[in-house]
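Structure, as structure tokens:
The values are calculated or read from the model by the stated rules, or taken from the named source; none is laboratory data. If you're wondering where the values come from, they're calculated on a predicted model, not measured in any experiment. With ideal geometry, Cβ positions are generated from the backbone for all residues, glycine too; neighbour counts draw on all protein chains shown. With ligands, DNA and RNA removed, areas are computed over all heavy atoms of the protein, side chains included. Shrake-Rupley method; radii C 1.70, N 1.55, O 1.52, S 1.80 Å.
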Amino acid sequence: MFSILQDLRHSLRLMRLAPGFTAAALVTLALAIGANTAVFSVVYGVVLRPLPYRDAQRIVRLSEEHPGGQAIVRQAMLSHLTFNAWSAKPQTIDDLSAYSTDTVTVTSFKEPMRIDIASVSPAIFSMLGASPALGRALRADEAAKGKERVAIISDRLWRSQFGGDPSALGKPIALNGDAYEIVGVLPSWFYFPDRDAALWTPLVPEPPARPDGVRLLFALARLKPGVTPEQAASEGTAAARSVKRPMAADLLFGKGAPVEVRVRVLADEITRSVRPAMTVLAVAVSLVLLIACANVANLLLARGVSRGREIAVRAALGAGRARLARQLLTESVALSVAGGALGILLAWLLTRAAPAWAPEGFPRLDDIRVDWRVLSFAMAVSIATGAIAGVFPVWRATRTQLTSSLRSDDNRSVGAGERVRGVLLAIEAALSVVLLIGAALLVRSFVALVNVDAGYDPSNVLTARVYVSGAASTPERRAEIVRGLVQRLRSVPQVAAAGVGNMIPLGESSFVSGFGFGPNAAGERFVARALQYVVTDGYAEALGLKLKQGRLLQASDETAAIQAMIVNEAFVRAYMMDGKPIVGRQYRGLLSDATVTTEIVGVIGDVLKDGLDTAAQAEIYLAHGRGGLIRREINVVVRTQGDPNAVAPILRSIVRDLEPTAAVEHVGTLANQVEASVSEPRLAMALLAAFAAIALALAATGLYGVLSYNVSQRRREIGIRSALGATRVDIVRLVVIQGLTVTIAGLVLGVVVSLAASRALEPMLFGIEPLDLPSFALMPIVLLAIALAACVLPARRAAETDPATTLRGD
């Protein structure tokens, strides 16, 4: 123990006596270890940290799909048909439970507010291992129609709105105008299905509105001991296929292959969308660490050569190879641990900033923190980095020839460790080009994504969602609010166009219609499926939809005898490719009432409602009133002549005047929403590009440092070459070729590795192939250019060597 402490004190003394070397090594290590620790804290918190539920690995999310079908459903959900068939006699699962989510208006507090709620099967709390901290749980008999409405609230809502008063139990709370009794408060640690949910009510099983309809549910189950998700999925698929599936199932899930049930561990399902990015970033930051190890190893090798005489003296005094190796490894590990301490500080700062840079909706963001696991990881990485970085210097130092080192007063050795340093530089170059190509692929993918034509113009557009409840939610009152809202908005001087609809781009709601359509070119009638927009006049103008044929909806269409309908190009491609004119076609009883005639009055371009990376779907647009009423939230779209945010207070004021109990939410510019919709690929691109830039800087610094050191060690050789007639160009060429040789060797290796590794990026790419030629061609050129720049200064310094002075000094 004493000798180890002695080695440690000697290491700290050497670090203090070589401030330049120490600073360079500490900065390199702090960046690499800090980045690795920060990424580990994110990966552990998001992907690896267990959910706070009992036997969380046995809790699974159930969903179904029609493979190959284009689904309207964007989340993992189960139909009531499959749920009922499976729950009748399950063999592989226990505690099959369902839930639904909603955002409701609460009018019981000082001001109307919107909160997220979940309606759940009462058994779901026992499945998750949660008991109320105050009051009681939901009872099974309360999940029935006609029973008293009860609710359990979160600890957060209890404290913020009731001051933590136990007398909150038994008090009423009004949700969308309906009164519920508070019967329990859940503990502070509990959250489900996410941290935003503040209240839970019993889920009352209700049949679909139509006998041939389909109701969608979120579903959870607990696997029986020893059962795998694959076994449960097989049983679920058999249950789903055992019941007749109506046309509504094809409308929701798309008409693809026969239904299949998916069973995924709940934690995996929650993080499924970000797992590819987390994996890529973890690999990328590990490559940065390896580059840092190579860089520090080169620094230690350079210092080891200058300490050749010191090491020889130690050996002459009786220090064996093992003793010398321990001393040198202690120095390397001590240096790395010091860099790791700085890296932990950097990681703490980065994780504290995580809520600011994480995309909206990023899963499990609150579970990211620097705890003992993260600190243990940082310490382990620091020690491992020091050991890896010290391997080559220790190997080189312990092979020192004792006699020659003691005989020479000059610690310089032209060939000492040069091959090892060349190998390390080639490894740095190879890892750097892998990161550069990966970053280039994500950059080009992101550029392709943001340049997609969404079908609307988001500039100068303000959107909002208005929620009405209680007496204000009747069809007549809703129609009054819509008319008044549109008329008053159009009277605002800054407003160029305004409209209202049941859906907006990037909105939460989707409505789909299925109807008999045709005949087609073969004279056959068939079932058509389309997203159904119910909008006022001015809606298309406010969004900047692109009219291709005919006209847009007008105010007169709301009361016209013939129902006006606009279709998009995807609808035309799917159902109307018979060569006949589109505009002017009429159909009787197309959508609902058999006595109503529907006429296509216009064709617009495709709108990517659910994001830039989604495929266009068939759409129809009907006039509000004549085509139906807006039954959920009222989506407002306003195009302004200046800053859209300036109209936001006016919009809120108008809504407040029209209906004081209404809630206005999600007020913001459409441009910001489009930007937020691509925030995840933007973040992945930015982080990988940052890691690639760090790797490139480390590789360039390492190359510059090694060449500078080699030039200083080869002064005598260079002086002799100059004395024998070598020109400045010859000397510069000598140094540059040395640097580029190892760079090109690493570059070739890196490109070969990238050819194999780029497939891992495929789930994250849009619009380009993993073997994208521009990325693979340009990034090696960038690395060569940086390497050439790193060679210039050492080459110039070598060319300026005075042969007379050098030879005289020797």
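Would you be able to say whether some residue in the range 618-637 is open to solvent by 40 Å² or more (accessible area, probe 1.4 Å) and over 25 Å from Phe571 (Cβ atoms)?
Within the range 618-637, not a single residue is open to solvent by 40 Å² or more (accessible area, probe 1.4 Å) and over 25 Å from Phe571 (Cβ atoms).
Report, ordered by the first and then the second residue, all pairs with beta carbons closer than 7 Å, sequence separation of six or more or different chains, a first member in the range 649-670 that is within 14 Å of Leu485 (Cα to Cα), and a second member that is of a type in the set (Lys, Arg).
As it stands, the answer is Ile654/Arg488; Ala663/Arg114; Val664/Arg652, since those pairs meet every condition given.
Let's see how each residue does on (1) under 30 Å from Leu266 (Cβ atoms); (2) modelled with pLDDT under 80; (3) acidic (Asp, Glu); (4) surrounded by fewer than 17 Cβ atoms within 10 Å (Cβ to Cβ):
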position	(1), (2), (3), (4)
Ser332	no, no, no, no
Val337	no, no, no, no
Thr351	yes, no, no, no
Ala378	yes, no, no, no
Arg412	no, yes, no, yes
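Scan the range 484-510 for residues that are open to solvent by 60 Å² or more (accessible area, probe 1.4 Å) and either within 15 Å of Gly628 (Cβ to Cβ) or at pLDDT below 90 (or both) and jot them down.
Correct list: Glu508 only.
For Gly642, only one of the following conditions fails: (1) closer than 18 Å to Ala498 by Cβ; (2) at pLDDT 90 or above. What is its number?
(2)
Would you confirm whether any residue within the range 141-161 is touching a helix residue (DSSP H, G or I) at 6+ places or on another chain (Cβ under 9 Å), in a helix (DSSP H, G or I) and closer than 21 Å to Ala663 by Cα?
yes
Could you please find all residues in the range 443-478 being open to solvent by less than 10 Å² (accessible area, probe 1.4 Å) and not small (Gly, Ala, Ser)?
Those that are open to solvent by less than 10 Å² (accessible area, probe 1.4 Å) and not small (Gly, Ala, Ser): Val461, Leu462, Thr463, Val466.
Yes or no: Val607 open to solvent by 50 Å² or more (accessible area, probe 1.4 Å), aliphatic (A, V, I, L, M), within 16 Å of Leu545 (Cβ to Cβ) and part of a loop (DSSP other than H, G, I, E, B)?
no
Working carefully through the options Ser754, Ser758, find the one that is out of contact with any His (no Cβ under 7 Å at 6 or more places or on another chain), within 30 Å of Asn451 (Cβ to Cβ) and surrounded by 21 or more Cβ atoms within 10 Å (Cβ to Cβ).
On inspection, the qualifying residue turns out to be Ser754.
Checking the condition polar (S, T, N, Q), part of a helix (DSSP H, G or I), touching a residue at least 60 places away in the same chain (Cβ under 8 Å) and under 30 Å from Gln70 (Cβ atoms), which residue from Ser445, Ser510 passes?
Ser445
Checking Ser87 against (1) under 22 Å from Lys145 (Cβ atoms); (2) touching a residue at least 12 places away in the same chain (Cβ under 8 Å); (3) part of a helix (DSSP H, G or I), which single condition isn't satisfied?
Failed condition: (2).
Sort through Phe776, Phe766, Phe691 and tell me the only one that's outside any helix (DSSP H, G or I), within 28 Å of Ala35 (Cβ to Cβ) and touching a residue at least 60 places away in the same chain (Cβ under 8 Å).
Among Phe776, Phe766, Phe691, only Phe766 is outside any helix (DSSP H, G or I), within 28 Å of Ala35 (Cβ to Cβ) and touching a residue at least 60 places away in the same chain (Cβ under 8 Å).
Is there a residue being closer than 28 Å to Val214 by Cα, at pLDDT below 90 and surrounded by fewer than 20 Cβ atoms within 10 Å (Cβ to Cβ) anywhere in the range 563-574?
Yes, there is a match, as at least one residue in the range 563-574 is closer than 28 Å to Val214 by Cα, at pLDDT below 90 and surrounded by fewer than 20 Cβ atoms within 10 Å (Cβ to Cβ).
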